[in-house]
Each structure stands twice: as structure tokens, then as C-alpha cells.
1. Which one is nearest to A:Asn112 (Cα to Cα), of the residues in region A:9-49 that are open to solvent by less than 10 Å² (accessible area, probe 1.4 Å) and assigned to a loop (DSSP other than H, G, I, E, B)?
2. With a cut-off of at least 2 residues that are open to solvent by 20 Å² or more (accessible area, probe 1.4 Å), touching a residue at least 60 places away in the same chain (Cβ under 8 Å) and more than 14 Å from A:Ile279 (Cβ to Cβ), name the strands (runs of 3 or more DSSP E) lying wholly within region A:113-221.
3. Provide a single number: the residues in region A:355-401 that are part of a helix (DSSP H, G or I) and more than 10 Å from chain B (Cβ to nearest Cβ).
4. Report, ordered by the first and then the second residue, all pairs with beta carbons closer than 9 Å, sequence separation of six or more or different chains, a first member in region A:639-652 that is within 11 Å of A:Leu125 (Cα to Cα), and a second member that is small (Gly, Ala, Ser).
5. Select, from A:Glu646, A:Glu615, A:Glu602, A:Glu608, the only residue that is modelled with pLDDT under 95, among the acidic types (Asp, Glu) and within 27 Å of A:Met93 (Cβ to Cβ).
6. Sort out which residues of region A:515-553 are assigned to a loop (DSSP other than H, G, I, E, B) and small (Gly, Ala, Ser), and write them in order of number.
7. Quick test for you: out of A:Ala133, A:Ala159, pick the one residue that is at pLDDT below 95 and among the small types (Gly, Ala, Ser).
8. From B:Arg110, B:Arg106, which residue is more than 14 Å from chain A (Cβ to nearest Cβ), farther than 27 Å from A:Val472 by Cα, open to solvent by less than 60 Å² (accessible area, probe 1.4 Å) and modelled with pLDDT under 95?
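The values are calculated or read from the model by the stated rules, or taken from the named source; none is laboratory data. Since this is a predicted model, take the numbers as computed values, not measurements. Here the Cβ is made from the backbone with ideal geometry for all residues, glycine too, and neighbour counts use every protein chain on show. Heads up: the accessible areas ignore ligands, DNA and RNA and are worked out on the full protein's heavy atoms, side chains in. Shrake-Rupley method; radii C 1.70, N 1.55, O 1.52, S 1.80 Å.
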Amino acid sequence: MRIGVFVCHCGSNIAGTVNCAEVAELAKSFPDVVYADDPMYTCAEPGQAAIEAAVREHGLDGVVVASCSPRMHETTFRRTVERAGLNRYMFEMANIREHVSWIGKDREANTNKAAELVEMAVAKLRRDRPLTAKTFDVVKRVLIVGGGVAGIQAALDCAEGGVPVVLVERESTIGGKMAKLDKTFPTVDCSACILGPKMVDVAQHPGITLYACSEIEEVSGYVGNFSVKIRRRATYVDWKKCTGCGMCGEKCPSKKTPDAFNEFTGATTAINIPFPQAIPKKAVINARHCRQLTKGKCGVCAKVCPSGAVDYAMRDNFVTEEVGCIIAATGYDLMDWTIYREYGGGAYPDVITALQYERLLSASGPTGGRIARPSDGREPQTVVFIQCVGSRDNSVGRPHCSGFCCMYTAKQAILTKDHLPLSHSYVFYMDIRAPGKMYDEFSRRAVEEYGAEYIRGRVSAVYPDGLGQYVVMGADTLLGEPVEIKADMVVLAVGIEAAKGASALAEKLCISYDNCGFFMESHVKLKPVETTTAGVFLAGVCQGAKDIPTSVAQGSAAAAKALGLFARDKLENDPQTAQVDIRRCVGCGKCVRCCPFGAVAETEIRGEKKAQIIETVCQGCGLCASTCPQGAVQLAHSTDNQILAEVNALCR
Amino acid sequence: MKEATDIRRRRDAGFIAVVQERSGQNLSACYQCGNCTAGCPAGFVYDRQVHQIMRAAQLGLKDEALDSRAVWLCLACSTCSLRCPNNIDVAAVMETLRHMARRENRVAARKVEKFWFSFLDTVRAFGRAWEIGTMALYMMRSLRVFTDLDLAPEALKKRKFGFRPHTVANGGSGAVTRIFKRYRERAAREGTRP
């Protein structure tokens, strides 16, 4: 075999602490190496051209590049060797940047380690053989998890692009958090008015199947061929019959049911439709508060329903959908702010979250759009807004900025003045983050035109003064003094975290999440929509804090990824899969049981049970190879012999 | 007019390092949110607010940090540390600055230091604090004879004042006195102000 080695300088990234020329010189002494060089930038066009030229000139039949992580440029160089006429799998990469030059400053030690990594790669490459990818069919359907504005946008874009969509929503209506908002910044236009038509489009589009009140139970398969089991929770109302007339809600005697849609600022009935523009506009029974379901006595809704849709015997049921890719758009929830005892820990009725305040402002909210104190229904004269409650706070393990609070606080200060012209708003802030288009102008308008008093500092305590007001103890750091405000109402800009249950979903989808539950993108800058699992994309706040325009943009981006994937009729697998040596296999079935992808099947050869790898399903994880007691299963390009050869090279 | 502070020239890197080492806190973790000032129950008498002291320490402005009355008026209640979103023990920084100021004999609030010594003198003598003794010593040292005298009847009624010093059983008082002695010896060895 004739091997060429290329030790990349990566500018000064590697050459700064590794003697690349020496590594290349050493490489020439490794078995089968006939050519070695140390280019400045191997991934650049001249670098790649040099590889191609060297392959032709020196008759190479394998190439090792020692440079960055294979996650960065493995595919780049595989294409390079392919262009040079080699099989793309006759290539190995040694990571001497992330694993060597970036982590140590000792030039001599680094040079030695880099040479050792190159020697290992050479040892492995000597035992590589050409591999060919297999193609497999793609199911051209997409599953979208979460029907907030990001999920809605992704669903509409996919459906418009001709790809059938399955949209799964946990709540009884789509719309997500945006449906709860009164107005949206920076234009102060009505949230329901701009989201409503999109929600109706989802309901009416023939290409979209909507499962509301549903959750993902199980996900199996791989890119192009996912099989997803969906739990459809019992709604106790047959939605095929329900016309959304609302009679049931009017007559329901259980009128003190906590109203989750209104963020618990009011009460609703046990059977209800969350809000007038709900999609689907179907009634749902809250089983925990329904008298018929808890006490077995009532049945009023069943009696008044003109279409006989109420069914108390309904149980959860399951559907399984076959899809080619999955878009996660699960959004966010507020963190549990009641850990802040200094703000009352939830004990003071007039200290509320900004999302609750949004429901008070909304015409479809519990007060019909009148700002009223939850404690006594009076209109507040003085409202204090506190930003960064549970954001940028290391002491509660939430170091991130929630991104959109600065803007909605400015909006709420403006709306407060609109609703109550005699009122006065104070905003305690640390920094105003308003980088979006027209954002800074908007937050300045709150100050200059609407008279909101912005105080640079934080609030250390809020307590009732015993006379119906609240004392807000804060600091004005620009003034350099502690300040105190008597307020009628305190609105907390509570920080966000990933939606409840997001981590459980991430585990089902085999994607990673950070310590606040946000899903991890494949690359922070260059692959913000992809995940490390092929065929699973992200949209909206589930990936990190985003406002509405950015969530919509990412919804469209995820749809573009799905449509791009489906533009091909067949996908290629990575041929570095497991392979069974039939002579050694004893048919014990351990590999069949341990495979997380269902890629190992049992077959019979001449009356004997044997394992068989379905190559297009195998993801090359190697579990079966390490489980097999006979050593019959080997992972192509990571065979036992190759691993031993690498160890030998290292220990020589 | 006051001249602008040349923060590059006046940055005392050694001072920053000492404050960080003795307090065990990373000063650069402070992002100046002001929560320490917002919660400080003594802030209304400070010449410089807590977040401003933290800022002075961050910038290495030794004079501003050490010559401030605030470090002496601090009650060490640690509300600032409790509220700090960056888990900085702000009270520990204040205490560090207080001790540094004392060692360098640049005490901005002499009377507070006199009270400390009055208190510690009774502890040294008897092994435990003795309220009336502390008061008497403080009055002599500070010449503030009538300060807080109006509180005395109420305190006496509630039996907060013992006329005889409290002592520690089994020769404990002597042991405490010896601790003080050792401390003074060490200070003398190191040439610092005790």
C-alpha cells in the first residue's frame, strides 16, 4: 500500500505549538508511507489540489490528513480523495488541533503526540478497504413537534412545498405562547390578529394532519425512515362530532377550574375551549376537575351537547406515523420564579409574571382587557416591572439571557400607559438588550413618549406595606443610591427554560440538550437548525431564547432543511456499518437485542440461526460488535484488528 | 473641577490580587447589577454604595475602596452575598477591605474601630463579651458619653445588661486571653498593626 500523509499547519492554530514539518518528516518512516508534506491550509483549494496531485504523482492509494476534528472536515477530504480517483473511505484523519495544539503549549510534547496520532491513523488506514454506500428510500413526510409559531411556520412551509405534515401539539389548541400575548413588539399589533390566520391555514391545509392534545410516545428509525408512536390523550369529547359551539362550557357547573391558558389569572369550566380563536376549536374536559369523572355525578355537558360529542369513557389511544424527518419546535416555559423569596415567592397576589400581565391586558383574558389587581380588582396607579428574574442569574443556575424580556417589558410599559393614562410605570433593568430591527427605537419610545421610568439597578425585596400597596426596595446604580417605590402591582420578567418534558423528548429523539433543557444544535454558528442526529431539525425557542421574528425565521429554515432532504428520492448510508462473519456467528441473538436502531435481523442459513445486518439501517455505533461473544460482528473500518493495530502503533 | 480618574495608571493590580486572595472571591464575576446595594440595610449611611465599592475593587482603585466609611458601617449581615446573582460573597469582600484598611491604619470611621476594640477588650479579659464593660470602654475611648444612654433603662429592664462579667468555666477565660496574646505576638513578628 502507498500512503500519503498531510500534516496541516492550520495557519498558527496547529503550527503554533506543533512542529508540523517534523511530524511530516517522522511520518515518512511509518510503514507504507511514501509521501508526506506539511501544507499551510490543507482544507483550502491549493491544499486539496496538492492532495489530488500527490495521489496521482506518487500513485497513492490511501491518504491521512492530520488537522482538525473529523466533525469539521472529514467529508471535505473524503470528497478530495474521491476526486483524485480513490475510494472515499481510503482516508483517515488524525485530530492534532482539538486534541493536541489547542490543549497544550509544550511544543516538544505536542509534536510527539501529533506524530503518534498520525502513526495510529496510518496503522488504521493500512487495514482499510474500499467501501461503497448503499441507497435507501425516503418517506417524504415530516413530523413537527409543537404547534407554536415556529412549528406553525415550519408546518405551513413544508405543506406548501408539497410535503405532507404531521403536526403534534400537547395542548388542546395550537398557537403556543404567542396565542397568549396581547400585542407584539415592536409594532404593537394584535398577536391574535396576525397569528390567527396562520392557525386557520394549518387547520384548513389538506397537507397537514393535526394531532392536538397529543404527545410523542416513542421514536424509532433513522433519517428518511422514522416511525413515531403518538399518544392521543383522552379529551372526553369526540372531536369528529364536536362543532365548537361552546354550549358545554356555558352550562358546566364546575366553574372554579384553574385556567391554564390564562396563566391561572382566572378560573374556567371543567369542559372548555381555551380561547375564541382556538385551533382546533374543540372542547376538552379537564378530568381532574370534571364532576362526572371525579365523582361520577353530573353529566350536564353530555345532556346539553347538541351533537352528542361528550364521551366520558374515552381513553388515551395511540397512532403510529411513518415520517422521513422530524422538526422539534417545543418552545419554552417560564422558570419557577417562586424560588425568589425576596419577591414574595408567589405569596403576594399582585406580584405576577409578565405572561400573566399579558393575559390581563388581552381582550380575551379574564378581565376582558382591563388591567386589574388580582387581589382586589382595582386598577393600579403605579406598576413596577422587574427584569431578569431568573435570567443572567448564576446563583439559581440560569446564566443565560432570556432574550426578549427587555422588549416585552417596554411593550407592557407602553400598553399600561395606553390602558391607564394616569398610571406610572417603573422598570428596573440591568442592561437593555434591543438589537433587533426597530427594537432600540421602540424601547426608547417607552421612555420618551410613554414616560416609563427606567431605573438602572435591581430589586432586592418586595413586601406588602399592610395598606394594600407593595414596597419595592431597589437600587439606582446610576444615582448610586438605594431607592424605594410604593407600587400597586409588580410585574416580573421571568426567565425562560425549555418546555416541560423537553429533555424526555430529546432522549426519545437522541439529541442532546444543555443544562437549561434547550436542545443542542449541530454547530452553534454554521448548523443552527440541524442536530447531531440526522433528520432531526430544530425550530424556535426549544434551541435557545428567540423572539417571534427569529422563531418564524427558524421555522422556515427547518422547513427548508426538510424540503432539501426530500428533494432526493434516495439517501446514501454511511457504509462504515457492522458486518457479520457468518462462519463465526452462533446465532445467540445478543446483537439483535442490543441494537438501538433495530438494524440487526435474525435469519436462517442452511437451517442455522444467524444474525444479519440491515446495512441501510445500521448507524455504525458498534454496540453489536462489542457485544458479540464470538467476535463475529465487526464494524467496518473499526474492526478489532484495526483497533489493535492502532494500540500497537501507540505502544511501540 | 475634579479631574478624570486615570484608571489605567491608578489600577493597582497587587491590591486586586490581595483582595481576591484574602476574600476568596473573583471580583471580575461582578456585573454591577446593584442587587447588593438594593438590599443593604445600612446603605443609607454609606458614603459609597456596596456596588461602588465592588467597582472600585474591580478597577484596583485602592484609595476609593479602603478609605470609604462604608466598609466600617457595614453590618456584616450578608444580605448582599445572599442576593448576589453571581454567588459573590460580597460581605467577605467588605470584611477583607476592612481588615486591610485597619492593618494599614487608614480607618475611615475611627469610632467604629473603637467600638470593636472595646468589645474585643472585654472578650480578651473575660473570655466572653461583657455589655456594660464594652459600653464603658467605648464611652471612654470615643468620649461619646451620652450616646444611646436613653436605651439603657429599657435594656436593663429586659435584663440585657449583667453588672458582673460573664466568665468561661474551667479556665476558659485564660485560654481565650492566650489566643489574643498569640495573635498580638504574630502581628508584632509580621510588623502589622494588630
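1. Across region A:9-49, the extreme among qualifying residues is A:Val18.
2. Working: elements: A:135-137, A:142-145, A:165-168, A:208-211.
Hits in region A:113-221: A:135-137.
3. Of all residues in region A:355-401, those part of a helix (DSSP H, G or I) come to A:355-361, A:394-396.
Now drop any that are not more than 10 Å from chain B (Cβ to nearest Cβ), which leaves A:355-361.
Number satisfying all stated conditions: 7.
4. A:Gln642/A:Ala123; A:Ala645/A:Ala123; A:Glu646/A:Ala121; A:Glu646/A:Ala123
5. On the way: A:Glu646 fails: modelled with pLDDT under 95; A:Glu602 fails: within 27 Å of A:Met93 (Cβ to Cβ); A:Glu608 fails: within 27 Å of A:Met93 (Cβ to Cβ).
Going through A:Glu646, A:Glu615, A:Glu602, A:Glu608 in turn, just one is modelled with pLDDT under 95, among the acidic types (Asp, Glu) and within 27 Å of A:Met93 (Cβ to Cβ): A:Glu615.
6. Here is the first cut: in region A:515-553, the residues assigned to a loop (DSSP other than H, G, I, E, B) are A:515-518, A:520-522, A:524-526, A:528-529, A:531-535, A:539, A:544-547.
The answer is A:Gly517, A:Ser522, A:Ala534, A:Gly535, A:Ala539, A:Gly544, A:Ala545.
7. Working: A:Ala159 fails: at pLDDT below 95.
Answer to the selection: A:Ala133.
8. B:Arg106
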